[in-house]
Amino acid sequence: MNSPAQPPLPHVHIAGRGLACALGSDLAESVAGLASGGYPARLTETAQGAIPCFTMEPPAPDTSAGWNARAREILCRVVREAGGDTIRHAPLFIASSSLNMGAIERGQPFRMDMQSAAEEIARWLEWQGPVHWISTACTSSLNALITAGRMMRSGYCDDALVLGVELANNFTLQGFAAMQLLSASAAQPLGATRDGLVLGEAVAAIRLSTARQRWALLGGASVVSDKDATGASQEAVVSCWQQALHASGLGTDGSVDVLKLQAAGSPGNDAIELAAVDATFVCPPALTSLKAYIGHTLGASGAAEIALLTASLEAGVWPAVRHAQDAALAHGLSKAAPASVARLLASIVGFGGSHASVVLQDSHTEPELPPAHASSPANAWEICGRSASALAEDWQQQLIKRLGQRPRRIGAWAEAGLHGALECMHAAGEVTLPAGDLLRITSLYGPMAATQQTLQTIREDGMAMPFGFLQSQPGQLPAIVAQALQWQGDARIANQRSPLSVLETACCEAGPQGMLIGWLEEARDAASAPGGQSGALPAYSFWLRLRPATPDAHLTFAPVTADDLQSCRYLRLGTQGLECAFA
């Protein structure tokens, strides 16, 4: 007897877009600003001198209350423009590397944890659905789109909202200046005299739906390099693009008409991206970048640039190339749009060795969509390795022994995370992960001590210290773990309030693959934690290694609790959520 035919997987579509950036207060203004040639970046005074930055009008007020009021107005306006206020029950993915740092600089006390800053945004929006915070530096909002798309194709939801947020703050500006990454003149993607990045403000919302719309999100990929924890790797760029095309049911032989590059004006990274073009595509597509018009908007950049580029293509607007291109590079930015654009590949590469890309298709140009791609989840996962839930007194010495050397200036938070990951892998009898497995890390507080120290240094000295700023960035940890495992793959920082919700989302994304997942917090004062405790809370770095498995049929599965993770043997996605079984 033949088994019944499975219904086709749903496609994911862009049902709404909203944008506020240096070009305009909404998407229509931004497209018009792009068509008119854009506006110059404004100079911002720093200890290193005047630095250009693409900021929005009106500028951020000097008080924390004023900063928050401006942020709330912009966020609510952009979400309404995207129609996000019609799906408040759906998952909300907030993608940001700075959240409310501008308010903290202006005197607002630190929240209990960083997730609470994301939840404050949700309260402003009167959001009722689950709240995710994705923090992978520049790739944050593309990774949010990838996660949301996977969940929707797997049937977990029919709608989702991705919200990219990067608003004015001195912390980020000073940190990038300390690392000597910023241009002193202008953003020049692939430019002959490019000398660094120009940062920018943006808030972008992309409403996703399984209902048919003009633009389809065919698929995407995320790759963290094991080569460089601070920049791009050609091998990782090529792998990311190839995986994104494969996940979208496409090849590299002319199936993409436009490639939206990162191309932020970095002398090194721009050249790496261009080398990856010829290593990936048989016939290179038209190349474009939007950094010269809105700057590098970090965690918001993927969503902001997709919103702006798709709307501009609909309006017949193409980003003009106003600066001389680097003749030493194999290709330059295209000065005109292709005659027809059916599909585009949007790519972001950057800090933390993170690379992400997604493929979009315009159904007005090409109505027939390739079959939606999603892998069925594993029957179950076996927990084949655990780290200790509490850090031993000599954990740092254990880490040095495992590495064969002392970790180099990564900070105590990242050291604790690396120790837990390696301890878990050792318990599983492994030294690396298979290529298709996931690496997920969740931390509600993140590297709070390094963040507070960097803030104090900026206040006292007017500038950040490079290593101090690096240690304050949670996005560095996935690359640090990847380097230690000599592994390259899908890795990120992803947060929800419930530790079990993070695990359930990761299982949904993993499909038939396995994963390494860790919950990490550094030691902190209990006054910063909910519940009114007093005294000090110890650091912990608890990790699980999950491999696909087919458990015995007689085992009984029941809804999992956080305590169950300490001793259960199997996990699976059941009809009511995540379930566990004991051997």
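The values are calculated or read from the model by the stated rules, or taken from the named source; none is laboratory data. All of these numbers come straight from a predicted model, not from anything done at the bench. Cβ placement follows ideal geometry from the backbone for every residue including glycine, while neighbour counts extend to all protein chains displayed. Protein only, heavy atoms only, side chains kept; ligands, DNA and RNA dropped before computing areas. Shrake-Rupley method; radii C 1.70, N 1.55, O 1.52, S 1.80 Å.
If you sort Ser541, Ser97, Ser567 by accessible surface, 1.4 Å probe, largest first, the order is Ser567, Ser97, Ser541.
For Tyr445, nonlocal amide neighbours, meaning residues 5 or more places apart or on other chains whose placed amide H falls under 5 Å from its own, are Met114. Each residue of the range 573-582 was assigned a 3J(HN,Hα) from its phi angle through the Karplus expression (A = 6.51, B = -1.76, C = 1.60, θ = phi - 60°), giving 8, x, 5, 9, x, 6, 10, 9, 9, 9 Hz with x at Gly and Pro. So in the chain, what percent of DSSP beta bridges are antiparallel if you round to the nearest 5? Among the beta bridges of the chain, antiparallel pairing accounts for roughly 70 percent. Taking only protein heavy atoms and a 1.4 Å probe, the accessible area of the chain is 52% carbon and sulfur.
The trypsin sites (Lys or Arg not before Pro) of the range 177-223 that DSSP puts in a loop, and whose beta carbon has at most 13 other beta carbons within 10 Å, are Arg212. Straight-line cross-link partners of Lys260 among the lysines, defined as a Cα under 30 Å from its Cα and at least 8 positions apart when in the same chain: Lys227, Lys291, Lys335.
Computed FRET efficiency, Cβ-Cβ of Arg123 and Leu537, R0 22 Å: what is it to the nearest 0.05?
Details: r = 26 Å, r/R0 = 1.16.
Efficiency for this residue pair is about 0.30.
For a paramagnetic label modelled on Ala336 (point 7 Å from Cα along Cα→Cβ), amide N atoms under 13 Å away are absent within the range 244-260. Sorting the segments 33-40, 347-354 by their mean number of nearby beta carbons within 10 angstrom, highest to lowest, gives 347-354, 33-40. Phi angles across the range 17-24 convert, under the Karplus curve 6.51 cos²θ - 1.76 cosθ + 1.60 with θ = phi - 60°, into 3J(HN,Hα) values of 9, x, 7, 10, 7, 5, 7, x Hz, Gly and Pro given as x. Summing +1 for each Lys or Arg and -1 for each Asp or Glu, what net charge is found among the other residues whose Cβ lies under 13 Å from the Cβ of Ala95? Net charge in that neighbourhood comes out at -1.
Longest exposed-loop-site-free stretch of the chain, with GluC sites (Glu not before Pro), DSSP loop and at most 12 other Cβ within 10 Å?
Numbers: sites that count: Glu126, Glu368, Glu393.
In the chain, the maximal stretch lacking such sites is 127-367.
Building the convex hull from the alpha-carbon atoms of the chain and averaging its projection over directions returns 26.2 nm². Heavy-atom accessible surface of Cys508, to the nearest 10 Å², is about 10 Å², with a 1.4 Å probe and all protein chains retained.
Secondary structure note: in the range 239-372, about 55% of the DSSP beta bridges are antiparallel.
Cβ distances below 4.7 Å define possible disulfide partners, and in the chain the cysteines left without one are Cys21, Cys53, Cys76, Cys138, Cys157, Cys240, Cys283, Cys384, Cys424, Cys507, Cys508. Other residues within the sphere of radius under 13 Å centred on the Cβ of Ala412, judged by their own Cβ, net out at 0 (K and R +1, D and E -1). Whole-Hz Karplus values for the range 288-293 come out as 8, 8, 10, 5, 6, 10 Hz, taken residue by residue from phi with 6.51 cos²θ - 1.76 cosθ + 1.60 and θ = phi - 60°; glycine and proline positions read x.
On average, how much accessible surface per residue is there in the range 205-245, in Å², for a 1.4 Å probe, leaving out ligands, DNA and RNA? Mind dumping the intermediate values first?
On the way: 1200 Å² over 41 residues.
It amounts to 29 Å² per residue over the range 205-245.
Taking every Cα-Cα distance in the range 192-328 and sorting them into 5 Å bins starting at zero, the pair-distance distribution P(r) comes out as 2, 8, 16, 22, 23, 18, 8, 2, 1, 0 percent. Averaging 1/r over each pair of different alpha-carbon atoms in the range 213-253 and inverting the result gives 11.3 Å, the Kirkwood hydrodynamic radius. With all protein chains kept in place, the per residue accessible area of the range 100-160 amounts to 30 square angstrom at a probe of 1.4 angstrom.
Tally Lys and Arg at +1 and Asp and Glu at -1 over the other residues with C-beta under 10 Å from the C-beta of Leu344: what net charge comes out?
Numbers: positive: Lys260, Arg343; negative: Asp257, Asp362.
Value of the local net charge: 0.
Surface analysis of the range 13-65 yields an accessible area of 44 Å² per residue, using protein heavy atoms and a 1.4 Å probe.
Can you show me the helix-derived [θ] at 222 nm for the chain, built from DSSP H runs with n ≥ 4 at -39,500 (n - 2.57) apiece and divided by the number of residues, rounded to the nearest 500. Walk me through the intermediate numbers first.
Values: 16 runs with 179 residues, N = 583.
Mean residue ellipticity, 222 nm, calculated: -9500 deg cm²/dmol.
Between Arg42 and Tyr156, the simple spin-label model (points 7 angstrom out along Cα→Cβ) gives 3.9 nm.
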